[in-house]
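The values are calculated or read from the model by the stated rules, or taken from the named source; none is laboratory data. Just so it is clear, the model here is predicted, and its values are computed rather than measured. Glycine gets a Cβ as well: all are built from the backbone with ideal geometry, and neighbour counts include every protein chain shown.
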Amino acid sequence: MVKNQVIVASVVSQGLGVRATAKKYGVSPAWVCTLVQRYRAEGPAGLHARSKRPRTNPAATSPLVEDRIVELRKELVDLGTDAGADTIHTLLEREGARAPSVSTIQRILTRRGFVTPAPKKRPKASYVRFTAELPNECWQSDMTHWHLEDGTGVEILTFLDDHSRLALTVRAYPTVSAETVRGVFAQTCALYGAPASVLTDNGAIYNAASRGGRSGFESDLMAAGVLYKHSRPYHPQTCGKVERWHRTLKGFLAKRPATTLGELNEVLEDVVRYYNDVRPHRGINRLTPSVAYRSRAKATAHTLIYEPHWRVRTDVVDARGHVTLRYLGKLRHLNVGWSYRGRSIRLFILDDVVTFATDEGEFIGETRLDPNRDYQPKGHGFR
């Protein structure tokens with residue numbers, strides 16, 4: 001500004017010509033004329049530096065579109081669903097509007113105070129991602145906890161298609177048991193067909209790996225020709241899609257508190273309907289899960305090579321002549337006989353056949369387990 005004042009004073013006060021002043025101070029004559037005109041019109045304030053930004057920008061987002069972006073942001077936040085720039089961009093396109101780019105929408109939301117810039121996260125390129133090629137190629141399942149409005153704890157069980165992210169079954173129970181999982185899986189297969197594989201964590205409701213046995217759910221999968229996969233302990237990223245769905249689900253539920261289990265299941269039905277049929281999913285190119293699920297042929301259950309399930313365990317015969325064994329997720333009582341009360345015996349299990357022997361290797365008898373009975377009768381070979 002000081003230089004501008006000197007240039008203007010040279011012309012206005014000292015009477016030096018425009019060209020001579022321009023040559024003296026190393027500027028163009030046009031700039032000297034501009035400064036003099038500003039000074040005569042505005043006084044000393046006209047000599048301050050001015051922004052070179054254009055006064056108009058034909059490509060700028062119109063105020064009406066900006067206001068609609070803000071409205072959509074508020075609506076989505078009130079609904080409890082994802083309210084990011086990607087989702088807003090997709091919804092604007094569905095409305096037939098000429099939507100700004102995702103980055104422009106992000107800048108608008110930040111400028112309006114709806115977004116607080118977050119610190120940089122781990123780069124996406126560093127993650128190893130996998131997605132099933134076809135619908136029903138892999139289902140993910142998990143259970144999560146939730147509370148009713150009065151604080152009562154409930155558990156929500158989900159089966160989710162890995163390829164399309166379709167929420168196949170989502171239902172709340174007072175407690176999710178192994179039998180609940182088996183029943184829900186059977187119902188889901190009746191609706192969508194049996195999948196090629198199922199992926200879960202190591203929860204006891206799914207598998208008996210920690211107990212050295214085979215759960216009822218695992219047996220159901222083998223009988224249906226479905227490959228069973230589970231994540232390694234303390235690595236929830238393997239089941240990341242269903243874990244992320246539960247995070248999305250809880251955002252919805254926080255906006256719609258339920259007072260009873262029945263009311264919660266009604267809310268879950270509405271949420272699943274909106275998630276599957278309306279909400280654009282960023283992970284599948286902004287399609288809805290329903291569209292992604294219907295757009296490709298479905299995988300089917302594999303024909304698996306039969307793999308016998310072996311295990312050996314030791315137990316002490318109780319006062320009634322029984323030992324216990326967990327089979328298909330339930331504890332069974334096996335009759336060995338009163339003559340062996342208090343003795344330690346070995347059980348050699350091959351699928352549903354149990355062979356009993358003493359610690360010295362003497363054969364006692366053999367029983368084929370009946371899945372419909374708790375107390376199993378003696379088999380053959382017993383004395």
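Need at least 1 residues that are in contact with a Phe, Trp or Tyr (Cβ under 6 Å, 6 or more places away or on another chain) and among the small types (Gly, Ala, Ser) per element, so show me which strands (runs of 3 or more DSSP E) inside region 328-382 make the cut, counting only ones lying wholly within it.
353-358, 363-368
In region 53-66, is there at least one residue being among the small types (Gly, Ala, Ser), assigned to a loop (DSSP other than H, G, I, E, B) and within 30 Å of residue 278 (Cα to Cα)?
For region 53-66, residues among the small types (Gly, Ala, Ser), assigned to a loop (DSSP other than H, G, I, E, B) and within 30 Å of residue 278 (Cα to Cα): present.
Out of all the residues in region 19-32, which are in contact (Cβ under 8 Å) with a residue 12 or more places away in the chain and crowded, with 17+ Cβ neighbours inside 10 Å?
Once the filter is applied, which keeps residues that are in contact (Cβ under 8 Å) with a residue 12 or more places away in the chain and crowded, with 17+ Cβ neighbours inside 10 Å, region 19-32 yields 21, 32.
So which of 248, 259, 238 ends up being over 20 Å from the mean Cα position of the chain (by Cα) and among the β-branched types (Val, Ile, Thr)?
The match here is 259.
Restricting to region 101-110, name every residue that is under 15 Å from residue 71 (Cα atoms), out of contact with any Pro (no Cβ under 8 Å at 6 or more places or on another chain) and not polar (S, T, N, Q).
Answer for region 101-110, where residues must be under 15 Å from residue 71 (Cα atoms), out of contact with any Pro (no Cβ under 8 Å at 6 or more places or on another chain) and not polar (S, T, N, Q): 105, 109.
This table checks each residue for (1) surrounded by 15 or more Cβ atoms within 10 Å (Cβ to Cβ); (2) assigned by TED's automatic domain parsing to the domain that holds residue 371; (3) free of Cβ contacts under 8 Å to residues at least 60 places away in the same chain.
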{"residue": "184", "(1), (2), (3)": "yes, no, yes"}
{"residue": "187", "(1), (2), (3)": "no, no, yes"}
{"residue": "203", "(1), (2), (3)": "yes, no, no"}
{"residue": "206", "(1), (2), (3)": "yes, no, no"}
{"residue": "219", "(1), (2), (3)": "yes, no, no"}
{"residue": "224", "(1), (2), (3)": "yes, no, no"}
{"residue": "257", "(1), (2), (3)": "no, no, no"}
{"residue": "260", "(1), (2), (3)": "no, no, no"}
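Which one is surrounded by the most Cβ atoms within 10 Å (Cβ to Cβ), of the residues in region 79-110 that are assigned to a loop (DSSP other than H, G, I, E, B) and not small (Gly, Ala, Ser)?
100
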